[in-house]
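J.: My structure is below; once you've seen it, I'll send some questions.
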Amino acid sequence: MANKQHMVQVQTENNENGQNYAIEMRGITKTFGSVVANKGVNLTVKSGEILALLGENGSGKTTLMNMLSGIYKPDEGSIFINGSEVSIDSPEDSKKYGIGMVHQHFKLVDVFSAADNIWMGRENPGFVLKNERHSAIEALASTFGFELDPRKKVYNMSVSEKQTLEIVKVLCYGAKIIILDEPTAVLTVQEIEKLFSVLRRMKEEGHAIIIITHKLNEVMDISDRVAILRKGEYITTVNTSETNEQELTEYMVGRKVDLNIDRPVVETTRPLLEVRDLCINNDEGATAIDNVSFYIRGGEILGVAGIAGCGQKELCEAIAGLRPIKSGQMIHKGDNIVGLSPKQILEKGISMSFVPEDRLGMGLAPSMSIVDNMLLKNYRDCKGPFVDRKSGRADAMQVIKDLEVVTPSADTPVRRLSGGNVQKVLLGREIKAGPNVIVTAYPVRGLDINSSYMIYDILNKQKTDGVGVLFVGEDLDVMMALCDKIMVLCHGKLMGVVHAHKTTKEELGLMMTGALDLKDKYEDKPAGIAKDTRFGEQEAKEA
């Protein structure tokens, strides 16, 4: 009876406002044991609008959306679709009410074609796959301006093609409410513009669209309204045209945050590490890095830009001594360190720290505590048969304090921490080792703005201390503000090294897709360069 009265009240409010919301969530609460993920959250989304959902890591954004997509069910509260109260108990219920969610990690079968991935999720796919499914999918995709080959296998698709497939898939199921979780995380500038163009067309067709993102510039560009969560609670919803990035940040974190990324000017040293004509294979034996040369200098952050899968992962692992090198050299003080283990590289005088993109798979031991993960870096240095846990605990407590790691204790397994806190533990451990070279891949991927800026500050501090930083990133705005130079890769090939303050996002995007090649325009010429490097004797004299 109470629910009935609540539904009538909501419908009355909607009618009074002249607005019948596509979605209305009222008083939504969701707990996992003692952890309160959402507490009394209210959210409204109109048909024909794009709503951005903002919040720090752990603020409950994805949990809230998972209750719309049927993955979770709220403990308290009500959900209304087009003014009528509904109960969403499963993804099938969500689909029935016209809700489709495109997750950050795609839910596709790699060995199937695009058409088969779509068709197998239909309510009555039938026993035989009909040929007309290809033309039906092509027609729907073209309606919204998508380019999709229904016959193409998923394992042959780029990231943007997979994302297109996920969106077309939910449209084929009749979704009028689309939820996108971090949709631009691994797209180029040109691909983002294309996606936004399609989303605007979907909005004009009357779709209600919710975007979860941490990129404030994109929020300001694409959304009509912005809803903000903080620590699981609803803060406010504002019209995008009436706000700015600074105000949104303050709503998210509850205090003022300086949104300027520093790029301190440091007198760079000679190259700490010189990479010459490097060739690396991926796990399948294909060429991942093809004849790439560059330098890592002390007191400089060298960015690496490229579409996901263009060889960044293999490059980082090879430099860290974790992946075999097919050919080429890595020179430190005249010695080639190719083929040496991480321990042998350290003995050569390079104290190298590696922060991989796979934080829990490669960077940390998930089931071990923060203390034990700190010890993994230097337990071999202990004198005697016993591990010095006292020093490991001291290091762990220092990292927790300095980086504001949110954890019940230093003995908590790292798998129980949020993504942002896991990254802080990993980065803190690597910096504690006192490196002179840091290789870091996507250090702020999936982190909220507060945690991201803390990471930027840490890297800048290392830079001013004379450390050389190789920064693999995905946000071109951040790379242009943080890095001194940016090296661009396309399909494993070097497209050029440019000064960050002299380039544009458009130029970087063209280089990332192979449409612009500046590799013969060498901007990376250190003083005192050797005669036998790629630059040649004449350029050495000029440098």
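J.: Restricting the search to the stretch 156-170, which residues are over 16 Å from P91 (Cβ atoms) and part of a helix (DSSP H, G or I)?
T.: N156, V159, S160, E161, K162, Q163, T164, L165, I167, V168
J.: Evaluate the stretch 181-196: report whether one residue or more is in contact with a Phe, Trp or Tyr (Cβ under 8 Å, 6 or more places away or on another chain) and closer than 23 Å to R445 by Cβ.
T.: Looking for residues that are in contact with a Phe, Trp or Tyr (Cβ under 8 Å, 6 or more places away or on another chain) and closer than 23 Å to R445 by Cβ, one finds none in the stretch 181-196, hence no.
J.: Please specify each residue of the stretch 394-411 satisfying the condition of being in contact (Cβ under 8 Å) with a residue 40 or more places away in the chain and more than 20 Å from D448 (Cβ to Cβ).
T.: A410, D411
J.: Only one of (1) in a helix (DSSP H, G or I); (2) modelled with pLDDT of 80 or more; (3) within 27 Å of H491 (Cα to Cα) is not met by P183, so which one is it?
T.: (1)
J.: In the stretch 61-106, what count of residues is obtained for those that are in a strand (DSSP E or B) and of a type in the set (G, A, S)?
T.: Let us first name the residues in the stretch 61-106 that are in a strand (DSSP E or B), namely 76-81, 84-86, 99-102.
Still in the list and also of a type in the set (G, A, S): 77-78, 84, 100.
Going through the stretch 61-106 one residue at a time, the tally reaches 4.
Every residue, every condition in (1) assigned by TED's automatic domain parsing to the domain that holds L403; (2) without any contact (Cβ under 8 Å) to a residue 24 or more places away in the chain; (3) farther than 28 Å from D277 by Cα; (4) touching a Pro at 6+ places or on another chain (Cβ under 6 Å), yes or no:
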position: Y456; (1), (2), (3), (4): no, no, yes, no
position: V469; (1), (2), (3), (4): no, no, no, no
position: D475; (1), (2), (3), (4): no, no, no, no
position: A481; (1), (2), (3), (4): no, no, yes, no
position: D484; (1), (2), (3), (4): no, no, no, no
position: L489; (1), (2), (3), (4): no, no, no, no
position: L494; (1), (2), (3), (4): no, no, no, no
position: A500; (1), (2), (3), (4): no, no, no, no
position: D517; (1), (2), (3), (4): no, yes, no, no
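J.: Please specify each residue of the stretch 269-300 satisfying the condition of being assigned to a loop (DSSP other than H, G, I, E, B), surrounded by 13 or more Cβ atoms within 10 Å (Cβ to Cβ) and free of Cβ contacts under 8 Å to residues at least 60 places away in the same chain. It would help to see each step written out before you state the result.
T.: First, the residues of the stretch 269-300 that are assigned to a loop (DSSP other than H, G, I, E, B): 269-270, 282-286, 298-299.
Among the residues that remain, those that are also surrounded by 13 or more Cβ atoms within 10 Å (Cβ to Cβ) are: 269-270, 282, 298-299.
If the condition is that a residue be assigned to a loop (DSSP other than H, G, I, E, B), surrounded by 13 or more Cβ atoms within 10 Å (Cβ to Cβ) and free of Cβ contacts under 8 Å to residues at least 60 places away in the same chain, then N282 is the only one that fits.
J.: Another question, then. Which of the residues that make up the stretch 491-504 are surrounded by 18 or more Cβ atoms within 10 Å (Cβ to Cβ), of a type outside the set (A, V, I, L, M) and over 20 Å from G309 (Cβ atoms)?
T.: Residue satisfying the conditions is T503 alone.
J.: Return yes or no: is G232 in contact (Cβ under 8 Å) with a residue 12 or more places away in the chain, surrounded by fewer than 17 Cβ atoms within 10 Å (Cβ to Cβ) and not acidic (D, E)?
T.: Considered against the rule, which asks whether it is in contact (Cβ under 8 Å) with a residue 12 or more places away in the chain, surrounded by fewer than 17 Cβ atoms within 10 Å (Cβ to Cβ) and not acidic (D, E), G232 comes out as no.
J.: Additional query: Among K401, K390, K383, which is the only one that is within 20 Å of L346 (Cα to Cα) and at pLDDT below 90?
T.: One residue alone meets the criteria, K383.
J.: A further question follows. I need a count of the residues in the stretch 213-231 that are at pLDDT below 90 and not basic (K, R).
T.: Residues that pass the stated criteria total 5.
J.: Can you tell me which of (1) within 23 Å of D477 (Cβ to Cβ); (2) out of contact with any Leu (no Cβ under 8 Å at 6 or more places or on another chain); (3) of a type outside the set (A, V, I, L, M) is the one G285 doesn't meet?
T.: Unmet for G285, out of (1) within 23 Å of D477 (Cβ to Cβ); (2) out of contact with any Leu (no Cβ under 8 Å at 6 or more places or on another chain); (3) of a type outside the set (A, V, I, L, M): (1).
J.: Looking at the stretch 312-351 only, could you name the residues that are part of a helix (DSSP H, G or I), over 17 Å from D277 (Cβ atoms) and touching a residue at least 60 places away in the same chain (Cβ under 8 Å)?
T.: Q312, K313, C316, listed by residue number.
J.: Still on this model: Filter the stretch 242-282 down to the residues that are in contact with a helix residue (DSSP H, G or I) (Cβ under 9 Å, 6 or more places away or on another chain) and either hydroxyl-bearing (S, T, Y) or at pLDDT 90 or above (or both) and list them by number.
T.: Hits for the stretch 242-282 are T243, N244, L248, T249, V275, L278, I280, N281.
J.: Residues in the stretch 287-306: is at least one acidic (D, E) and either under 22 Å from the mean Cα position of the chain (by Cα) or not assigned by TED's automatic domain parsing to the domain that holds G473 (or both)?
T.: Scanning the stretch 287-306, I find no residue that is acidic (D, E) and either under 22 Å from the mean Cα position of the chain (by Cα) or not assigned by TED's automatic domain parsing to the domain that holds G473 (or both), so the answer is no.
J.: Scan the stretch 505-543 for residues that are among the aliphatic types (A, V, I, L, M), surrounded by 14 or more Cβ atoms within 10 Å (Cβ to Cβ) and modelled with pLDDT of 80 or more and jot them down.
T.: Those that are among the aliphatic types (A, V, I, L, M), surrounded by 14 or more Cβ atoms within 10 Å (Cβ to Cβ) and modelled with pLDDT of 80 or more: L508, L510, M511, M512, L516, L518.
J.: Considering the stretch 400-422 alone, what residues qualify as being part of a helix (DSSP H, G or I) and touching a helix residue (DSSP H, G or I) at 6+ places or on another chain (Cβ under 6 Å)?
T.: Correct list: V414, G420, V422.
J.: Still on this structure: I need a count of the residues in the stretch 123-142 that are modelled with pLDDT of 80 or more and polar (S, T, N, Q).
T.: Count: 2.
J.: Then there is this: It is to be established whether one or more residues within the stretch 301-311 are in a helix (DSSP H, G or I) and buried (at least 18 other Cβ atoms within 10 Å of the Cβ).
T.: Taking the stretch 301-311 first, the residues in a helix (DSSP H, G or I) are none.
Within the stretch 301-311, not a single residue is in a helix (DSSP H, G or I) and buried (at least 18 other Cβ atoms within 10 Å of the Cβ).
J.: Identify, please: which residue in the stretch 318-340 is among the charged types (D, E, K, R) and under 17 Å from G285 (Cβ atoms) and is, among those, farthest from the chain's Cα centre (by Cα)?
T.: Out of the qualifying residues, it is K326.
J.: Kindly indicate whether any position in the stretch 53-60 is among the polar types (S, T, N, Q), within 26 Å of V253 (Cα to Cα) and assigned to a helix (DSSP H, G or I).
T.: There is no residue in the stretch 53-60 that is among the polar types (S, T, N, Q), within 26 Å of V253 (Cα to Cα) and assigned to a helix (DSSP H, G or I).
J.: Inside the stretch 444-471, can you point out the residues that are closer than 28 Å to Q246 by Cβ and assigned to a strand (DSSP E or B)?
T.: The answer is V469, F471.
J.: Among I178, I167, I99, which is the only one that is modelled with pLDDT under 90 and either outside the structural domain of G232 (by TED's automatic domain parsing) or on the phi > 0 side of the Ramachandran plot (or both)?
T.: Residue meeting the stated conditions: I167.
J.: Just a yes or no: is a residue in the stretch 424-434 more than 14 Å from K377 (Cβ to Cβ) and either in the same structural domain as G473 (by TED's automatic domain parsing) or surrounded by 14 or more Cβ atoms within 10 Å (Cβ to Cβ) (or both)?
T.: Yes, the stretch 424-434 contains at least one residue that is more than 14 Å from K377 (Cβ to Cβ) and either in the same structural domain as G473 (by TED's automatic domain parsing) or surrounded by 14 or more Cβ atoms within 10 Å (Cβ to Cβ) (or both).
J.: Exactly one of these conditions fails for G468: (1) on the phi > 0 side of the Ramachandran plot; (2) crowded, with 22+ Cβ neighbours inside 10 Å. Give me its number.
T.: The failed condition is (1).
The values are calculated or read from the model by the stated rules, or taken from the named source; none is laboratory data. A quick note: this is a predicted structure, and the numbers were derived from the prediction, not measured. Using ideal geometry, Cβ is built from the backbone for each residue, glycine included, and neighbour counts are taken over all protein chains shown.
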